[in-house]
Ligand code: 5GP
């Protein structure tokens, strides 16, 4: 018979098996549990559909810890996510989702592609916040799509997309005040969803790579636009965002194995 300690150890130890997918900033590995994956946050940073790529020291660790913090806040607010726990400074254990090939974007303030597409001045408040869908396809530059495209081409189930939109707005209700309390404006963000046991669940990541965050007083950019626009101090800004939220990066990784 197994001892209690053996059972606990077996549930905590996770075997990393083959690399299934390598994205622009993360790699996904299978594990010895069929419904669990390991996300490895690399130090790579990319923009413009992979045309600009750089390695930034500490980036994998900062984004992994940041993502874990945000996913936990969302779980506490009743939003189901794939996040299970941090495994090492650059790795997290997640549920295996059947991902929809779609990006859901909410915008509270005009910035980025909406300004270029619609001729809008950056910084205008969007009241109510607006919602956009994009197809995940680097070769096509992630084109904007609508629900009818998704239905006609069978990219996802229409009800699941409606649920994803509802959850994307629910995330805004949790994170907008969270960032504002730390003197930051959540300008916009991109989320990706998948199915786990029939339920639409938040997947991928929430980090300064996939959202825009401005200082509430100076409107200084604290997110990936620092990399896109060559503003410098990219990871320093990500860490500053985390510290403002109360994240202690050194303490968070201190107890983890240094894999
Ligand atoms: P935009 O459409 O203005 O380029 O992006 C809107 C928001 O979604 C921004 O916060 C941006 O960082 C995020 N976003 C859109 N597409 C991607 C993507 O392919 N990767 C990442 N990391 N973020 C994205």
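Structural remarks
- Residues within the stretch 213-242 that are over 18 Å from the mean Cα position of the chain (by Cα) and part of a helix (DSSP H, G or I), tallied: 1
- Qualifying residue in the stretch 172-187 (condition: under 26 Å from residue 38 (Cα atoms), within 15 Å of the ligand (Cβ to nearest atom) and without any contact (Cβ under 8 Å) to a residue 60 or more places away in the chain): no
- Pair list, Cβ under 6 Å, 6 or more apart: the stretch 213-228 residue under 8 Å from residue 185 (Cα atoms) and touching a residue at least 24 places away in the same chain (Cβ under 8 Å), other residue near the ligand (Cβ under 9 Å from one of its atoms) and part of a loop (DSSP other than H, G, I, E, B): 213/223
- Only one of the listed residues (193, 153) is in contact (Cβ under 8 Å) with a residue 60 or more places away in the chain and away from the ligand (no atom under 12 Å from the Cβ). That residue is 193.
Coordinate-derived values only; no laboratory data. Fair warning: this is a prediction, and the values are worked out from it, not measured in the lab. Positions of Cβ are backbone-derived with ideal geometry, glycine not excepted, and every protein chain shown enters the neighbour counts.
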